[in-house]
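Structure, as structure tokens:
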Protein chains: 2
Amino acid sequence: MQFVSVYQRYRPELEIVESLLYDSVGSANVKLSESSQQLLKAGGKRIRPLFAIICSHLGHPQSRHHVYSVAAALEMIHMASLVHDDVIDDSSVRRGQPTVKSLYGDRAAMYTGDFLFARAIRLLTEITDFRIHQEMADTMVRVCEGEIDQIRDFYNWQQNLRTYLRRVERKTALLISISCSLGARASGCDDETVEHLRRFGYYTGMAFQITDDLLDLEGDESVVGKPVGGDLQQGNLTLPALYAAQGEQGPELQNMVHAEMEHSTLEAAVQIIKDTDAIAVTRSLANRYLDKALRELGQLSPHEALDDLVTVSTFVNQRSY
Amino acid sequence: MQFVSVYQRYRPELEIVESLLYDSVGSANVKLSESSQQLLKAGGKRIRPLFAIICSHLGHPQSRHHVYSVAAALEMIHMASLVHDDVIDDSSVRRGQPTVKSLYGDRAAMYTGDFLFARAIRLLTEITDFRIHQEMADTMVRVCEGEIDQIRDFYNWQQNLRTYLRRVERKTALLISISCSLGARASGCDDETVEHLRRFGYYTGMAFQITDDLLDLEGDESVVGKPVGGDLQQGNLTLPALYAAQGEQGPELQNMVHAEMEHSTLEAAVQIIKDTDAIAVTRSLANRYLDKALRELGQLSPHEALDDLVTVSTFVNQRSY
């Protein structure tokens with residue numbers, strides 16, 4: 001099964017989520033509506049809603065309405081964190097589109113993020129299952145902690161694999177994990193199914209972010225929508241960089257990377273990393289997480305939705321954007 | 001009854017809220033714990049928790065535990081919005097203390113705000129009354145909208161009284177209003193009582209913010225903890241400025257106020273405002289809101305807690321800091 005066919009199959013449901021998103025970001029304030037809609041239009045793969053929807057098919061069809069609210073809330077929380085990142089990183093382009101920050105200024109971007117958080121919470125208050133609220137709030141807390149951890153780790157070459165994986169977890173895996181578990185929970189799946197899907201989402205999210213970190217080095221700028229080596233430029237040391245730092249040219253690499261690094265130095269630093277087997281090692285770690293994700297699905301009774309999860313999970317791990 | 005005596009009386013309960021606040025902002029991330037604690041230590045009047053606690057005394061004593069969670073959540077949401085404001089306004093001092101932004105940088109301040117929002121929501125998920133969640137989420141949405149409205153209105157001399165009052169509502173009145181209504185709701189007050197207290201809080205909050213806007217012009221910098229004329233400097237046109245702009249020296253005032261204004265120009269602009277009866281007119285508007293607030297309390301059966309509300313409400317309207 002192709003990823004595109006899976007997308008097609010869930011398109012009607014993704015469109016329900018899309019309308020919910022547009023409805024939710026509407027505001028009497030024209031600027032706020034515009035800035036939020038700019039974020040929506042900039043798109044993204046809507047991978048979190050997709051996971052939530054697919055997982056909900058393992059439950060009862062009649063609770064479908066809540067699944068869409070959960071999916072939309074997850075996407076809004078994700079968008080809120082991106083818009084805040086753009087303020088801090090001073091980013092003018094994301095996914096090849098101008099950021100809210102560049103179009104409307106820092107202040108509007110900051111409050112657009114806060115507004116999206118608030119709207120996401122508002123959407124969730126329609127759901128009466130308290131475990132959903134608590135899981136969501138716990139995840140938000142941990143995601144914020146991860147963002148602060150990241151500050152501590154900038155330009156820190158002493159960090160180890162564990163530190164890196166913990167950041168990957170908080171940056172991406174937790175939100176994909178909760179997309180799966182809440183999609184399942186909201187459609188009344190039993191606790192065991194919810195647990196397997198939570199872990200499936202967690203491992204998939206780990207593979208997803210590690211792949212993202214590879215794309216930052218290997219990707220084609222015109223396809224990925226952001227400049228090559230951006231993480232390195234920011235001092236965000238990902239596994240390929242940390243691995244290469246242990247190699248022969250490690251000390252040289254560490255000296256090259258600093259906030260005021262020239263573009264040519266950045267290119268040379270990326271080349272040093274590529275000259276080691278850092279890319280292969282990192283790719284193999286992503287594959288190991290993907291395997292773990294798929295093994296979780298193997299624990300559940302066969303179901304068409306599980307095949308779709310395999311397709312999506314495999315795709316996000318092999319994608320080039 | 002003196003304000004200080006009221007504070008004393010509720011101190012044991014305010015201390016429960018204070019411990020809840022400290023517990024809630026604890027994190028494995030040292031920097032995050034430090035930055036949040038810095039915010040807590042910087043203090044503030046804890047006026048929102050105080051209103052919530054006093055109002056809860058009109059209900060049933062046995063639901064007291066939830067009142068403290070509500071009070072702490074309200075204070076955390078308030079603190080989160082302040083820390084985000086400091087990032088955007090590039091403020092290094094608030095209430096005479098260094099801001100999180102100045103101590104830990106923009107990035108940490110941004111995520112500390114997000115973290116506090118998430119923690120506040122987490123605390124609220126322990127409460128099973130869904131009206132509380134919905135009111136809180138609705139208020140957060142409207143507060144964010146108000147913050148974006150404020151951007152639109154910067155340096156805009158064409159705005160009218162209505163625009164100003166709407167900003168005051170969103171900036172302060174809504175959160176004080178919900179402090180009162182949720183304090184009452186969480187302790188099982190009937191709908192009519194909740195409604196009167198909501199309106200009491202609303203009108204008190206209007207008076208509170210209008211008084212704040214006066215203090216920005218009239219206050220003693222060493223007592224208020226921020227520079228005189230700060231609103232004007234930022235282009236935040238409050239009622240005294242808008243009123244003075246209609247006067248004889250109005251055109252001159254409008255020409256003086258811009259982002260790069262010198263300190264001496266700022267002082268001259270403040271003087272122009274003081275030379276009109278803008279201060280008296282604004283003061284009388286604050287008093288009118290205070291009267292409306294007290295009239296709401298008059299609709300309820302006599303209760304000691306109502307006397308305390310009168311004391312606090314009168315104090316915040318007459319304070320000099």
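The values are calculated or read from the model by the stated rules, or taken from the named source; none is laboratory data. Because the structure is predicted, anything quoted here is derived from the model rather than measured. In this analysis, Cβ positions are derived from the backbone assuming ideal geometry, glycine residues included, and neighbour counts consider all displayed protein chains.
For segment A:19-60, what are the residues that are of a type in the set (Lys, Arg) and modelled with pLDDT of 80 or more?
Of segment A:19-60, the ones of a type in the set (Lys, Arg) are A:31, A:41, A:45-46, A:48.
Residues satisfying the conditions are A:Lys45, A:Arg46, A:Arg48.
With the condition kept exactly as written, say whether any residue in segment A:145-161 is more than 10 Å from chain B (Cβ to nearest Cβ), in a helix (DSSP H, G or I) and farther than 24 Å from A:His60 by Cα. Step through it out loud before you land on a result.
First pass over segment A:145-161, keeping only residues more than 10 Å from chain B (Cβ to nearest Cβ): A:153, A:155-161.
Among the residues that remain, those that are also in a helix (DSSP H, G or I) are: A:153, A:161.
From what is left, the residues that are farther than 24 Å from A:His60 by Cα are A:153, A:161.
Scanning segment A:145-161 turns up at least one residue that is more than 10 Å from chain B (Cβ to nearest Cβ), in a helix (DSSP H, G or I) and farther than 24 Å from A:His60 by Cα.
Here is a yes/no grid of residues against (1) closer than 18 Å to A:Ser181 by Cα; (2) charged (D, E, K, R); (3) in contact (Cβ under 8 Å) with a residue 12 or more places away in the chain:
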{"site": "A:Tyr68", "(1), (2), (3)": "yes, no, yes"}
{"site": "A:Met76", "(1), (2), (3)": "yes, no, yes"}
{"site": "A:Ser81", "(1), (2), (3)": "no, no, yes"}
{"site": "A:Asp89", "(1), (2), (3)": "no, yes, yes"}
{"site": "A:Gln97", "(1), (2), (3)": "no, no, yes"}
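Can you work out which of the residues in segment A:208-230 that are of a type in the set (Asp, Glu) and at pLDDT 90 or above is nearest to the chain's Cα centre (by Cα)?
A:Asp212
Hey, can you tell me all the residues within segment A:126-135 that are part of a helix (DSSP H, G or I) and at the interface with another protein chain (Cβ under 8 Å from one of its Cβ atoms)?
So the first thing to find is which residues in segment A:126-135 are part of a helix (DSSP H, G or I), and the list is A:130-135.
Selection gives A:Phe130, A:His133, A:Gln134.
Without any contact (Cβ under 8 Å) to a residue 40 or more places away in the chain, under 28 Å from B:Pro49 (Cβ atoms) and not hydrophobic (A, V, I, L, M, F, W, C), is that true of B:Arg283? Lay out the reasoning, then the answer.
Values: without any contact (Cβ under 8 Å) to a residue 40 or more places away in the chain: no; under 28 Å from B:Pro49 (Cβ atoms): yes; not hydrophobic (A, V, I, L, M, F, W, C): yes.
Against the criterion (without any contact (Cβ under 8 Å) to a residue 40 or more places away in the chain, under 28 Å from B:Pro49 (Cβ atoms) and not hydrophobic (A, V, I, L, M, F, W, C)), B:Arg283 does not qualify.
How many residues are without any contact (Cβ under 8 Å) to a residue 24 or more places away in the chain and touching a helix residue (DSSP H, G or I) at 6+ places or on another chain (Cβ under 9 Å) when one looks only at segment B:112-137?
Taking segment B:112-137 as the starting set, the residues that turn out to be without any contact (Cβ under 8 Å) to a residue 24 or more places away in the chain are B:118, B:125, B:128, B:130, B:133-134, B:137.
Filter again for touching a helix residue (DSSP H, G or I) at 6+ places or on another chain (Cβ under 9 Å), leaving B:118, B:125, B:128, B:133-134, B:137.
Qualifying residue count, segment B:112-137: 6.
With in contact with a Gly (Cβ under 7 Å, 6 or more places away or on another chain), in a helix (DSSP H, G or I) and not hydrophobic (A, V, I, L, M, F, W, C) as the only criterion, which of B:Ser19, B:Ser24, B:Ser33 stands out? Give the derivation first.
Details: B:Ser19 fails: in contact with a Gly (Cβ under 7 Å, 6 or more places away or on another chain); B:Ser24 fails: in contact with a Gly (Cβ under 7 Å, 6 or more places away or on another chain).
Result: B:Ser33 is the single residue among B:Ser19, B:Ser24, B:Ser33 that is in contact with a Gly (Cβ under 7 Å, 6 or more places away or on another chain), in a helix (DSSP H, G or I) and not hydrophobic (A, V, I, L, M, F, W, C).
Going by the conditions given, is B:Arg122 closer than 17 Å to A:Ser81 by Cβ and surrounded by fewer than 24 Cβ atoms within 10 Å (Cβ to Cβ)? Step through it out loud before you land on a result.
Working: closer than 17 Å to A:Ser81 by Cβ: yes; surrounded by fewer than 24 Cβ atoms within 10 Å (Cβ to Cβ): yes.
The answer is yes for B:Arg122.
Residues checked against (1) closer than 20 Å to B:Met206 by Cβ; (2) crowded, with 21+ Cβ neighbours inside 10 Å; (3) modelled with pLDDT under 90:
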residue	(1), (2), (3)
B:Gln62	no, no, yes
B:Ala71	no, yes, no
B:Gly96	no, no, yes
B:Asp106	no, no, yes
B:Glu126	no, no, yes
B:Thr139	yes, yes, no
B:Thr163	yes, no, no
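Is it fair to say B:Gly188 is surrounded by fewer than 18 Cβ atoms within 10 Å (Cβ to Cβ) and either touching a Ser or Thr at 6+ places or on another chain (Cβ under 6 Å) or at positive phi (or both)? It would help to see each step written out before you state the result.
On the way: surrounded by fewer than 18 Cβ atoms within 10 Å (Cβ to Cβ): yes; either touching a Ser or Thr at 6+ places or on another chain (Cβ under 6 Å) or at positive phi (or both): yes.
It is true that B:Gly188 is surrounded by fewer than 18 Cβ atoms within 10 Å (Cβ to Cβ) and either touching a Ser or Thr at 6+ places or on another chain (Cβ under 6 Å) or at positive phi (or both).
With respect to the numbered conditions (1) facing another protein chain (nearest Cβ under 9 Å); (2) under 20 Å from the mean Cα position of the chain (by Cα); (3) in contact (Cβ under 8 Å) with a residue 12 or more places away in the chain, which one is the sole condition not fulfilled by B:Leu165?
In the conditions (1) facing another protein chain (nearest Cβ under 9 Å); (2) under 20 Å from the mean Cα position of the chain (by Cα); (3) in contact (Cβ under 8 Å) with a residue 12 or more places away in the chain, B:Leu165 misses (1) alone.
For the structure I just gave you, tell me whether A:Ile47 is touching a residue at least 60 places away in the same chain (Cβ under 8 Å), under 15 Å from the mean Cα position of the chain (by Cα) and within 11 Å of another protein chain (Cβ to nearest Cβ). Step through it out loud before you land on a result.
On the way: touching a residue at least 60 places away in the same chain (Cβ under 8 Å): yes; under 15 Å from the mean Cα position of the chain (by Cα): yes; within 11 Å of another protein chain (Cβ to nearest Cβ): no.
Taking the combined requirement at face value, the residue does not satisfy it.
Kindly indicate whether B:Ser92 is over 15 Å from the mean Cα position of the chain (by Cα), among the hydroxyl-bearing types (Ser, Thr, Tyr) and under 20 Å from B:Asp138 (Cβ atoms). Steps first, answer last, please.
On the way: over 15 Å from the mean Cα position of the chain (by Cα): yes; among the hydroxyl-bearing types (Ser, Thr, Tyr): yes; under 20 Å from B:Asp138 (Cβ atoms): no.
Taking the combined requirement at face value, the residue does not satisfy it.
Taking only segment B:30-44 into account, find how many residues are buried (at least 22 other Cβ atoms within 10 Å of the Cβ) and under 14 Å from the mean Cα position of the chain (by Cα). Break it down stepwise before answering.
Just the residues of segment B:30-44 that are buried (at least 22 other Cβ atoms within 10 Å of the Cβ), to begin with: B:32, B:35-36, B:39.
Next cut, under 14 Å from the mean Cα position of the chain (by Cα) only: none.
Here the count works out to 0.
I'd like to check which helices (runs of 4 or more DSSP H) are fully inside segment B:211-311 and have at least 1 residues that are surrounded by 17 or more Cβ atoms within 10 Å (Cβ to Cβ) and of a type in the set (Phe, Trp, Tyr).
On the way: elements: B:221-224, B:230-234, B:239-244, B:250-256, B:263-275, B:278-298.
The qualifying helices (runs of 4 or more DSSP H) are B:239-244, B:278-298.
Return yes when B:Leu14 is more than 14 Å from every other protein chain (Cβ to nearest Cβ), among the hydrophobic types (A, V, I, L, M, F, W, C), part of a helix (DSSP H, G or I) and under 19 Å from the mean Cα position of the chain (by Cα) and no when it is not.
Details: more than 14 Å from every other protein chain (Cβ to nearest Cβ): yes; among the hydrophobic types (A, V, I, L, M, F, W, C): yes; part of a helix (DSSP H, G or I): yes; under 19 Å from the mean Cα position of the chain (by Cα): yes.
Spelling it out, B:Leu14 is indeed more than 14 Å from every other protein chain (Cβ to nearest Cβ), among the hydrophobic types (A, V, I, L, M, F, W, C), part of a helix (DSSP H, G or I) and under 19 Å from the mean Cα position of the chain (by Cα).
Taking the conditions exactly as written (more than 21 Å from B:Arg170 (Cα to Cα) and free of Cβ contacts under 8 Å to residues at least 60 places away in the same chain), does B:Glu267 satisfy them or not?
Details: more than 21 Å from B:Arg170 (Cα to Cα): yes; free of Cβ contacts under 8 Å to residues at least 60 places away in the same chain: yes.
Taking the combined requirement at face value, the residue satisfies it.
Could you list, in sequence order, all residues of segment B:44-70 that are closer than 17 Å to B:Phe208 by Cβ and not β-branched (Val, Ile, Thr)?
B:Gly44, B:Lys45, B:Arg46, B:Arg48, B:Pro49, B:Leu50, B:Phe51, B:Ala52, B:Cys55
Are there helices (runs of 4 or more DSSP H) fully within segment B:58-125 with at least 1 residues that are more than 13 Å from chain A (Cβ to nearest Cβ)? List them. Before you say what the answer is, go through the steps one by one.
Details: elements: B:64-89, B:100-104, B:106-124.
Result: B:64-89, B:100-104.
Regarding segment A:280-298, can at least one residue be identified that is over 19 Å from A:Asp216 (Cβ atoms) and at pLDDT below 95?
No.
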